[in-house]
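Please treat every number below as a calculation from the coordinates, not as lab data. This structure is a prediction, so every number in the text was calculated from the model and none was measured.
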Amino acid sequence: MKVARAFRKGQLSLHPSLFSSFCAWGVRLEERTRRRERGRAHIRSEVNRYGYKIIATLLRAALVAALIWAGWSIYRSLPGGELASRGGAGARGETALQVVLRGATGDAQAPLDIPIELYSIDVAALRREYASEPRPGLRFDDFLARRMKSHPPVVSRLDRSGQVTLLIAPGKWWIHAMLSGEQNVEWRLPVEVTGRRQTVELTAENAYARMKSF
């Protein structure tokens, strides 16, 4: 305290070299403080930058996943793009069944992208069973719906070239289709599905019926 009062009264003074050293020390201290503050600011900036990168990466991944899911949903809804079977799409042990429409009619203008249905039970046999005894108040459509409840049909559509590939469980199937044109051609084709891949052709020879169109 006495030294401080002496400095204020001018009774004491610093040697020039000591004053220069004191000033230099103050400058170095201030520079170190500034560097420390810049380092802290840089660390905060890096943390913010990497945090932004992580969030942006997660958002991009979520967007890609959403696009893939949307594309897969659209693909499954397209003719020939669905994977179908009795117990569910894509199950193990299924057969890739290709259905091809071959020259069933002479009408070149007839569209080939016709709907098809695959049944795991014989609808014609069910119709005969329905007609075998009276069933008051029960229509055949209702009778069929009851019997088909545990065996839903596989519904699809041929593409413009007249073909489609479906994944279905091996076993006995019946393919139902109708080609409209100058003559309406109908198929109720029984097929024994086996193996990993199989091709079935819908032709004039294996058609169930041909009817003149009016």
| Sequence-distant residues sharing a close amide H with ALA207 (under 5 Å, placed H) | none
| note | Residue by residue through segment 54-64, the couplings from Karplus 6.51 cos²θ - 1.76 cosθ + 1.60 with θ = phi - 60°, in Hz, x for Gly and Pro, are 5, 5, 5, 4, 4, 5, 5, 4, 5, 5, 4
| query | What are the residues whose amide H is under 5 Å from the amide H of ILE116, where those residues sit 5 or more places off or on another chain and H is modelled from the backbone? | reply | SER156, ARG157, LEU158
| task | First check a/c for segment 95-214, with a ≥ b ≥ c the square roots of the eigenvalues of its C-alpha gyration tensor; if it is under 1.5, answer rounded, and if not, answer prolate when a/b is larger than b/c or oblate otherwise. | result | oblate
